[in-house]
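The values are calculated or read from the model by the stated rules, or taken from the named source; none is laboratory data. Computed from a predicted model, the values in this text were never measured in an experiment. Quick reminder, even Gly has a Cβ in these numbers, built from the backbone with ideal geometry, and neighbours come from all protein chains shown. Remember, those area values only see protein heavy atoms, side chains included, never the ligands or the DNA or RNA. Shrake-Rupley method; radii C 1.70, N 1.55, O 1.52, S 1.80 Å.
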Amino acid sequence: MMSSFARPLAAAAAVLTLTATTAQAQTGVGAHLTPYAGYLVTGNWYDGPLGTSIATTNAPMIGAQGAIPLTKGVSLVGNLAYASGELRIGLPLVGGVNVGSANTWLYDAGLELGGLAGRSTGIAPFVQGGIGGMTNDIEASVFQIRASNVAYTAGVGVDVGVSEALALRVQAKDWIGRFNTEDAVGFRAEGNLAHNWALTAGVKLRF
């Protein structure tokens with residue numbers, strides 16, 4: 001994995017781990033776990049001449065998000081998700097053709113503002129921001145590659161509190177990054193800064 005990807009992610013993980021440990025020691029707050037399912041709407045990696053493009057297809061996804069409250073209305077969050085789609089070459093007139101499979105791992109850590117903030121019931125919006133990455137495992141008839149890239153994340157959503165231990169969560173989250181051609185094929189080719197929207201719903205379990 002490229003050092004440009006590993007360094008910021010490792011630094012973010014170290015800071016977030018230290019912050020979480022300190023917060024738990026000082027406040028004794030509990031954790032949240034939200035398994036979810038949804039749909040990943042992907043952006044084009046590359047746009048070529050005459051309407052050509054390279055991208056993965058939109059695909060169903062599953063994942064889980066964990067959170068540790070730092071103070072009222074502010075939480076440390078970490079996320080891991082998986083989506084399985086196809087590698088698609090966009091072509092003029094015919095629309096495009098699928099040429100292989102594409103399995104995508106998405107992961108990040110960051111901060112969440114808002115949410116139920118200690119309440120057990122009610123409706124509460126929240127926003128998130130963080131840094132992480134996307135790893136694409138791509139397989140076609142003539143090649144098999146893996147590429148990982150840094151992704152910046154921003155999300156919005158709503159929590160609906162049902163009980164002290166249970167809430168429903170609906171979220172839209174954008175993963176913003178460029179496909180890493182150097183990781184995949186050994187040379188750099190500047191592509192699109194793609195937006196990849198994860199539209200999800202899940203159950204928030206509070207401990």
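Return one number: the angle in degrees, 0 to 90 and rounded to the nearest 10, between the long axis of the Cα atoms of helix 3-27 and the longest principal axis of the Cα atoms of the chain.
On a 0 to 90 degree scale, this one is about 10.
Per residue of the stretch 149-159, in order, report the coupling 6.51 cos²θ - 1.76 cosθ + 1.60 (Karplus, θ = phi - 60°) as ³J(HN,Hα) in whole Hz, putting x for Gly and Pro.
Whole-Hz 3J(HN,Hα) from phi for the stretch 149-159: 9, 5, 9, 9, 10, 8, x, 9, x, 9, 9.
Taking amide hydrogens as modeled 1.01 Å from N in the peptide plane, which residues meet the under 5 Å criterion relative to Leu166, leaving out close sequence neighbours?
Correct list: Arg206.
Short version: ³J(HN,Hα) in whole Hz for each residue of the stretch 168-178, in order, from phi by Karplus 6.51 cos²θ - 1.76 cosθ + 1.60 (θ = phi - 60°), x for Gly and Pro, what are they?
Computed from phi, the couplings for the stretch 168-178 are 9, 10, 10, 8, 10, 9, 9, 9, 10, x, 10 Hz.
May I ask you to give the solvent-accessible area per residue for the chain, in square angstrom, as obtained with a 1.4 angstrom probe?
Each residue of the chain exposes 50 Å² on average to a 1.4 Å probe.
Rank Val158, Val142, Val97 by mean-square fluctuation in a GNM of the chain with C-alpha springs under 10 angstrom and give only the top-ranked residue.
Of the options given, Val142 has the highest mean-square fluctuation.
Rounded to the nearest percent, how much of the accessible area of the chain (1.4 Å probe, protein heavy atoms only) is carbon and sulfur?
66
Suppose R0 equals 30 Å. What FRET efficiency, 1/(1 + (r/R0)^6) with r the Cβ-Cβ distance, do Asp47 and Val160 give to the nearest 0.05?
The formula returns an efficiency of 0.15 here.
Apply the Karplus parameterisation 6.51 cos²θ - 1.76 cosθ + 1.60, with θ equal to phi minus 60°, to every residue of the stretch 127-143 and state each ³J(HN,Hα) to the nearest whole Hz, in sequence, with x for glycine and proline.
10, 9, x, x, 9, x, x, 10, 10, 10, 9, 10, 9, 10, 5, 10, 7
Expressed in nm to one decimal, what extension gain is obtained for the pair Val74 and Ala172 from 0.36 nm per residue of sequence separation less their Cα-Cα distance?
33.4 nm
Test of understanding: in a Gaussian network model of the chain with alpha carbons linked when under 10 Å, which of Val162, Val74, Val170 would top the mean-square fluctuation ranking?
Fluctuation is largest for Val162.
Can you sort Arg169, Arg188 by solvent-accessible area, 1.4 Å probe, largest first?
Output order, biggest surface exposure first: Arg188, Arg169.
Pick from Pro69, Pro125, Pro49: which is most flexible by mean-square fluctuation in a GNM of the chain where alpha carbon atoms under 10 Å apart are linked?
Pro49
As a test of the formula, what do you get for the chain when each DSSP H run with n ≥ 4 contributes -39,500 (n - 2.57) and the sum is divided by the residue count, at 222 nm and rounded to the nearest 500 deg cm²/dmol?
Computed ellipticity for the chain at 222 nm equals -4500 deg cm²/dmol.
Note down the relative contact order for the chain as a percent, whole number, built from C-alpha pairs under 8 angstrom at least six residues apart.
21
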